[in-house]
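Report on the following structure.
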Amino acid sequence: MADGNQFKLSDYAAENYEKIPASYILGPWAQVLVCASNLKGGEKILDLACGTGIVSRAAAEQLGASGHITGLDLNAGMLRVAQRIGIKGSCTIEWVEGSALDMPLEDGAFDAVLCQQGLQYFPDQAKAISECYRVLRVGGRACFNVWAGTGPYNEALAQAIATHIGDAEGQQYRKSRDVPNAISLQKLFEEAGFGKIDVTFKKMSVRLPEIEKFAISHLKGNPISTALDALSDEAQANLARDVAAQVEQFADGVDVVVPDSIHLIYATK
């Protein structure tokens, strides 16, 4: 993920991103996105704002040996982790460093564009959607998911960041959930030229293990990791305890099981 709000990570932070938020928070939604995109064997797909490749890995299982995936991200650290992990199966994959606003890709090159939680990081969302339209073949489809709310865990984390690190960092963290509503999403895709557009609300509960440890590990895979590392061990522990207290109603032992939700956009060219 990258672009406007600059979800830029060092290689160390990108590794933590893969281990924690990508695995526990984004992983379940990647399966939803890939299932909704109706991939077929042999298709060419673009994983836009691919991060460490979680959507690409889920998609590879459906594309088969003749399929091809291009993973595009502005963040070189994320791409290095994606390349290291690789994919299962025999389809080919190419990792490309580049901007969603000016993709170094040919017109009409893809059967599908998938994007998980990248839209909010693009400084010009309309331009990014137009670029998706350009690189799709006629009859191709775009399938995006974006958050449909902050959610209790992320709100608790944002509040704790503001208290223990600073208001600016708390606001920075909240931007990851600052996304267009369903009406605005529909309009974005319409104005880019897409035909049939469906925007669907979906929700699920996700399990976050050992919540106090999880919260700190989560932030170590986030752009505010440097600010977190500047805190003393005691201050970090206090931050984590505040998060746990805020989500206590969702506790299941030392874990929490929290509700979360997305808007899923499916649009055809």
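The values are calculated or read from the model by the stated rules, or taken from the named source; none is laboratory data. The model shown is predicted, which means the values in this text are computed figures rather than measured ones. Heads up, the Cβs are rebuilt from the backbone with ideal geometry, glycines too, and the neighbour counts pull from every protein chain shown. Side chains are part of the model used for accessible areas, which takes the heavy atoms of the whole protein and leaves out ligands, DNA and RNA. Shrake-Rupley method; radii C 1.70, N 1.55, O 1.52, S 1.80 Å.
Open to solvent by 20 Å² or more (accessible area, probe 1.4 Å) and within 29 Å of LYS213 (Cα to Cα): is that true of ALA76 in this structure? Reasoning before the result, please.
Working: open to solvent by 20 Å² or more (accessible area, probe 1.4 Å): yes; within 29 Å of LYS213 (Cα to Cα): yes.
Judged against the criteria, ALA76 is a match.
In this structure, does TYR133 turn out to be of a type in the set (Phe, Trp, Tyr), under 30 Å from ALA235 (Cα atoms) and touching a helix residue (DSSP H, G or I) at 6+ places or on another chain (Cβ under 9 Å)?
no
Hey, does segment 104-127 have a residue that's outside any loop (DSSP other than H, G, I, E, B), more than 22 Å from PRO21 (Cβ to Cβ) and hydroxyl-bearing (Ser, Thr, Tyr)?
For segment 104-127, residues outside any loop (DSSP other than H, G, I, E, B), more than 22 Å from PRO21 (Cβ to Cβ) and hydroxyl-bearing (Ser, Thr, Tyr): absent.
Please enumerate the residues belonging to segment 134-157 that are at pLDDT 95 or above, among the β-branched types (Val, Ile, Thr) and open to solvent by 10 Å² or more (accessible area, probe 1.4 Å).
Result: VAL138, single match.
Within segment 215-260, which residues are under 23 Å from the mean Cα position of the chain (by Cα) and open to solvent by 20 Å² or more (accessible area, probe 1.4 Å)?
Listed by number, the residues that qualify are ILE216, SER217, LYS220, PRO223, THR226, ALA227, ASP255, VAL257, PRO259.
Could we say that ARG141 is assigned to a helix (DSSP H, G or I), under 23 Å from ASN38 (Cα atoms) and basic (Lys, Arg) here? Steps first, please.
Working: assigned to a helix (DSSP H, G or I): no; under 23 Å from ASN38 (Cα atoms): yes; basic (Lys, Arg): yes.
No: the conditions fail for ARG141.
Tell me which residues, restricted to segment 176-222, are assigned to a loop (DSSP other than H, G, I, E, B) and within 18 Å of VAL258 (Cα to Cα). Spell out the reasoning first.
First pass over segment 176-222, keeping only residues assigned to a loop (DSSP other than H, G, I, E, B): 178-181, 193-196, 209-210, 220-222.
Passing the criteria: PRO209, GLU210.
Are any residues in segment 225-260 among the hydrophobic types (A, V, I, L, M, F, W, C) and in contact with a Gly (Cβ under 9 Å, 6 or more places away or on another chain), and if so, which ones?
Of everything in segment 225-260, those that are among the hydrophobic types (A, V, I, L, M, F, W, C) and in contact with a Gly (Cβ under 9 Å, 6 or more places away or on another chain) turn out to be ALA227, VAL258.
Looking only at segment 122-133, decide whether some residue is under 19 Å from the mean Cα position of the chain (by Cα), crowded, with 23+ Cβ neighbours inside 10 Å and on the phi > 0 side of the Ramachandran plot.
No: zero hits.
Name every residue in segment 102-117 that is buried (at least 19 other Cβ atoms within 10 Å of the Cβ) and out of contact with any strand residue (DSSP E or B) (no Cβ under 6 Å at 6 or more places or on another chain), in order of residue number.
Selection gives MET103, GLN117.
Scan segment 164-175 and give yes if some residue there is at pLDDT 95 or above, surrounded by 14 or more Cβ atoms within 10 Å (Cβ to Cβ) and either under 17 Å from the mean Cα position of the chain (by Cα) or in a helix (DSSP H, G or I) (or both), otherwise no.
Yes: one or more hits.
What are the residues in segment 49-98 that are more than 30 Å from ASP124 (Cβ to Cβ) and charged (D, E, K, R), if any?
GLU61, ARG84, LYS88
Looking at VAL96, is it assigned to a helix (DSSP H, G or I), closer than 29 Å to ASN222 by Cβ, modelled with pLDDT of 95 or more and touching a strand residue (DSSP E or B) at 6+ places or on another chain (Cβ under 7 Å)?
On the way: assigned to a helix (DSSP H, G or I): no; closer than 29 Å to ASN222 by Cβ: yes; modelled with pLDDT of 95 or more: yes; touching a strand residue (DSSP E or B) at 6+ places or on another chain (Cβ under 7 Å): yes.
No.
Here is a yes/no grid of residues against (1) more than 26 Å from ASN16 (Cα to Cα); (2) buried (at least 19 other Cβ atoms within 10 Å of the Cβ); (3) at pLDDT below 95:
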position	(1), (2), (3)
LYS40	yes, no, yes
LEU46	no, yes, no
CYS50	no, yes, no
ALA60	no, yes, yes
LEU63	yes, yes, yes
ILE69	no, yes, no
GLY86	no, no, yes
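Here's the yes/no breakdown for (1) in contact (Cβ under 8 Å) with a residue 40 or more places away in the chain; (2) among the polar types (S, T, N, Q); (3) under 28 Å from VAL81 (Cα atoms):
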site	(1), (2), (3)
LYS187	no, no, no
ALA215	yes, no, yes
LYS220	yes, no, yes
ILE265	yes, no, yes
LYS269	yes, no, no
